[in-house]
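The values are calculated or read from the model by the stated rules, or taken from the named source; none is laboratory data. Every value quoted in this text rests on a predicted model; they were computed, and no experiment measured them. Here the Cβ positions follow ideal geometry from the backbone for every residue, glycine too, while neighbour counts run over all protein chains shown. Heavy atoms of the whole protein, side chains included, go into the accessibility calculation; ligands, DNA and RNA do not. Shrake-Rupley method; radii C 1.70, N 1.55, O 1.52, S 1.80 Å.
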Amino acid sequence: MTAGESWGTSRSGPAGAAGGGSVVRRILLGSQLRRLRESRGITRERAGYAIRASESKISRMELGRVSFKARDVEDLLTLYGVSADAERGPLLALAKEANVAGWWHSYSDVLPGWFQTYVGLEGAASLIRVYEVQFVHGLLQTEAYAHAVVTRGGAGPADVERRVALRLERQKVLVSERAPAFHVVLDEAALRRPYGDRQVMRGQIQHLIEVSERPNVTLQVMPFSFGGHAGESGSFTMLSFPESDLSDVVYLEQLTSALYVDKPEEVAQYANVMEQLRTDSPTPSDTRDLLRGLLQLS
């Protein structure tokens with residue numbers, strides 16, 4: 001299962017954009033604290049000692065993977081020689097904003113802890129690029145198809161309904177005021193592999209035709225007829241953000257955890273693969289013709 005299919009996010013949920021933005025602010029604050037520490041030649045071990053924490057805690061803070069206590073940020077800024085209110089104020093304000101709870105916390109009963117960072121990042125992205133093999137991507141699923149996917153995953157009846165509700169809430173991102181550009185390449189296998197009955201699959205394909213007409217959505221299908229292609233490593237998601245200080249992130253979901261790739265040289269490889277997939281796949285217009293052909297066969 002991948003991020004696009006198992007879980008969900010939206011900037012239109014109970015906490016709105018602030019929820020997703022809080023994760024971005026954590027990452028921004030962490031990166032600024034890291035730059036300050038390195039510019040003063042201070043080790044993570046020494047920084048951890050200053051706030052009564054471990055070196056690994058400093059590492060997690062600098063990666064934006066934990067919440068920030070105001071006292072810890074104040075002590076670190078003092079250690080790093082940042083004493084002027086004009087410099088401390090914005091960073092302390094950023095720490096406060098970074099601790100805003102995301103809307104998805106109300107789904108914590110069905111949302112694994114390791115996925116929450118992704119939820120926030122996706123909710124704050126201005127551009128989402130996806131290659132998907134196994135499923136129709138979660139942002140594009142009908143309710144019936146989503147129900148079939150989640151049920152196949154072995155969840156109990158109550159969890160199925162909660163996860164489907166979460167996914168439907170997530171889909172509001174594509175029609176929100178701050179909707180991201182969404183570029184997705186689906187392998188034809190995702191359309192040929194049935195989830196649910198014939199009616200469910202027909203409804204799903206028809207929905208893809210309709211949603212692909214939205215101005216912020218670019219949908220392409222990599223057909224079997226093309227043969228081998230650049231997406232040999234499997235599904236992945238690329239997230240880009242409006243904040244200039246935040247680099248692109250590649251998200252790779254595993255069975256019980258996830259990997260976030262943000263090293264520029266590695267992200268660049270995924271970007272090249274995504275661009276090659278888009279170049280080699282039929283155009284969005286031709287993709288709609290392909291989908292209409294599948295609809296006639298189903």
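Side notes on the structure shown:
- Nearest 10 degrees, 0 to 90: helix 143-152 Cα axis against the chain principal axis: 80
- Ordering S59, T142, A70 by the projection of their Cα atoms onto the charge dipole of the range 46-171, which places +1 on the Cβ of Lys and Arg and -1 on the Cβ of Asp and Glu, puts S59 at the extreme positive end.
- Max mean-square fluctuation residue, GNM over the chain, Cα-Cα springs under 10 Å, options T142, T283, T237: T283
- Charge dipole of the range 181-253 (Cα centre as origin; +1 on each Lys and Arg Cβ, -1 on each Asp and Glu Cβ, all else neutral): 460 debye, rounded to the nearest 20.
- The range 268-282-the range 116-183 distance, computed between alpha-carbon centres (Å): 22
- The peptide list 22-32, 221-231, put in order of mean Cβ contacts within 10 Å with the highest first, becomes 22-32, 221-231.
- Value of Rg to Rh for the range 81-167 (Rh from inverse mean 1/r over Cα pairs, i.e. Kirkwood): 1.15
- F236 long-range amide H proximity, modeled H, under 5 Å: Y131
- Accessible area of the chain belonging to carbon and sulfur atoms, whole % at 1.4 Å probe: 50
- Mean ellipticity per residue at 222 nm, deg cm²/dmol - from DSSP H runs of n ≥ 4 across the chain, formula -39500 (n - 2.57): -15500 deg cm²/dmol
- For the chain, a crude dipole built from +1 on the beta carbon of Lys and Arg and -1 on the beta carbon of Asp and Glu, taken about the Cα centre, is about 660 debye to the nearest 20.
- Residue-normalised accessible area of the range 21-127, expressed per residue, 1.4 Å probe, Å²: 47
- In the calculated pair-distance distribution of the range 13-151, the portion above 22 angstrom amounts to 48 percent of the Cα-Cα pairs.
- Compared with the dominant Cα axis of the chain, that is its longest principal axis, helix 198-211 is turned about 60°.
- Here the dipole of the range 152-284 is about 680 debye; that uses its Cα centre as origin and unit charges on the Cβ of Lys and Arg (positive) and Asp and Glu (negative).
- Among 97-105, 33-41, 121-129, sorting by the average number of other beta carbon atoms lying within 10 angstrom of each residue, highest first, gives 121-129, 97-105, 33-41.
- Rounded to the nearest 5, the antiparallel percentage of DSSP beta bridges internal to the chain is 50%.
- Each pair of Cα atoms in the range 244-298 enters the Kirkwood radius, and Stokes-Einstein at 25 °C and 0.890 mPa s then converts it into a translational diffusion coefficient of 175 µm²/s.
- A P(r) calculated from all alpha carbon pairs of the chain, with 10 Å bins opening at zero, reads 6, 26, 31, 21, 10, 5, 1 percent.
- Heavy-atom accessible area per residue - the range 175-286, 1.4 Å, Å²: 52
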